[in-house]
Amino acid sequence: MLFKQSLNSQQPLQLAYTENYLSFEYVAPDFSASDKKIYAYQLAGLEDGWIDAGKQRVVNYSHLKPGEYEFRVRVSGGDGMWNESGDVLKFVIAPPFWATWWFRSFALIAIFAMIYGAIRYRFNRLLEIERLRSRLSADLHDELAGNLSSIAMFGVIIQNELNGSMLKNNGISNILERVISLSRDSVASIRDIIWAIDPKPETIESLLFRLHDYAANLCTAKQMDLIFKIPDTDKLPKANLSPEQRQNLWLMLKETTQNAIKHAEATTLSINAAYKMGALKITISDNGKGFNTCAASSGKGLSTIQKRAKLLRGELKISSEAGKGTSVNFICRLKH
């Protein structure tokens, strides 16, 4: 019986996963000597062997798992001889929909679709950012940097006219010098910003060559000697720096170099770079007047350098003594 409903033992049954509480009632078709008949049963798919039921003619099962089953019954007249043909009832308990192959396949496809969509969305967002950075760097270069360069050029022209004129005015000349200086500094700053946001790749090697060109120009203007040493090309990593790494590393090195050239009153600037076992080490030193590192710790330039070294998760050590120059040592591991 299935929930007190009679069943035809010859008809295969298809049951839902909730219909897993079953009761089987059986009886031998021959009622002669019924008091001597004994029974045995087996639920194939759950039980491996026959179970002696004696004269009991009702068997109950509960919490059957989804799967294929065969309920078998055999009878004996009490003489030890069993009716081996017996009777069989086949039935299948269907799994819940979330355990079916089609649902799992659909869920797997849906998960892959969501992962693909997330990756695609991320890729498109990064592509949009790269395009925005390229457009922004181009606009800064074409518009703002160009205008400031023109201002500096016109200031030089006016200053030259004043210098050659009988109406030379020292106050106006000083103002023009200030305008020219600010314009040139602004152009340099904007070019650094353009370089920082430009999505073009940058390696440690190309950044060091950029530092060399920057230091060489300033040292030439100040009539200083430059000693610049970097490792051989084959000893430097070929991987590109991340935008944050190259920006912080460049601005830190630029600020350090600029401070040494403009304020140290030195005759020689030395920049030494080394790379070993994933660690980049750069030393920038001069033979200038030096300074008190404790008194200068509150300076904006020094604090900026220290901040950028911290962002790079590196170690920065500044050594200086009056009359003996200054040495800035920086070491960090750049993860790619």
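Restricted to strands (runs of 3 or more DSSP E) entirely inside segment 1-71, those with at least 1 residues that are over 60 Å from the mean Cα position of the chain (by Cα) and either over 26 Å from W101 (Cα atoms) or at pLDDT below 85 (or both) are 22-25, 38-44, 51-54, 58-61. Taken over segment 215-248, the criterion of being among the small types (G, A, S), out of contact with any helix residue (DSSP H, G or I) (no Cβ under 8 Å at 6 or more places or on another chain) and closer than 17 Å to T267 by Cβ is satisfied by A216, A221.
In segment 286-328, the qualifying residues are those that are among the charged types (D, E, K, R) and modelled with pLDDT of 90 or more, and the one that is nearest to I271 (Cα to Cα) is D286.
Output the residues belonging to segment 255-280 that are of a type outside the set (V, I, T), surrounded by 18 or more Cβ atoms within 10 Å (Cβ to Cβ) and within 33 Å of the chain's Cα centre (by Cα).
So in segment 255-280, the residues of a type outside the set (V, I, T) come out as 255, 258-260, 262-266, 269-270, 272-280.
Those left that are additionally surrounded by 18 or more Cβ atoms within 10 Å (Cβ to Cβ): 259-260, 264, 266, 269-270, 273, 275, 280.
Matches in segment 255-280: A273, Y275, L280.
Restricting attention to segment 85-107, does a residue exist that is hydroxyl-bearing (S, T, Y) and either under 30 Å from E25 (Cβ atoms) or exposed (fewer than 10 other Cβ atoms within 10 Å of the Cβ) (or both)? Yes.
What residue, among those in segment 210-240 that are assigned to a helix (DSSP H, G or I) and free of Cβ contacts under 8 Å to residues at least 12 places away in the same chain, is most open to solvent (accessible area, probe 1.4 Å)? Taking the candidates together, the pick is D234.
Out of all the residues in segment 88-110, which are touching a helix residue (DSSP H, G or I) at 6+ places or on another chain (Cβ under 7 Å) and not in a helix (DSSP H, G or I)? None; the set is empty. Please verify whether segment 319-332 includes one or more residues that are charged (D, E, K, R) and open to solvent by less than 60 Å² (accessible area, probe 1.4 Å). No, that holds for no residue. The set of residues in segment 306-325 being in contact with a Cys (Cβ under 8 Å, 6 or more places away or on another chain) and free of Cβ contacts under 8 Å to residues at least 12 places away in the same chain is empty. Take S85 and tell me if it is among the hydroxyl-bearing types (S, T, Y) and modelled with pLDDT of 85 or more. Against the criterion (among the hydroxyl-bearing types (S, T, Y) and modelled with pLDDT of 85 or more), S85 does not qualify. Just one residue in the set K307, K317, K262, K324 is of a type in the set (K, R) and in a strand (DSSP E or B); that residue is K317.
The values are calculated or read from the model by the stated rules, or taken from the named source; none is laboratory data. In this text, all values refer to a predicted model and were calculated from it rather than measured experimentally. A quick note on method: Cβ atoms are made from the backbone with ideal geometry, for glycine too, and the neighbour counts reach across all protein chains shown. To get the accessible areas, we keep the full protein, side chains included, count just its heavy atoms, and leave off ligands, DNA and RNA. Shrake-Rupley method; radii C 1.70, N 1.55, O 1.52, S 1.80 Å.
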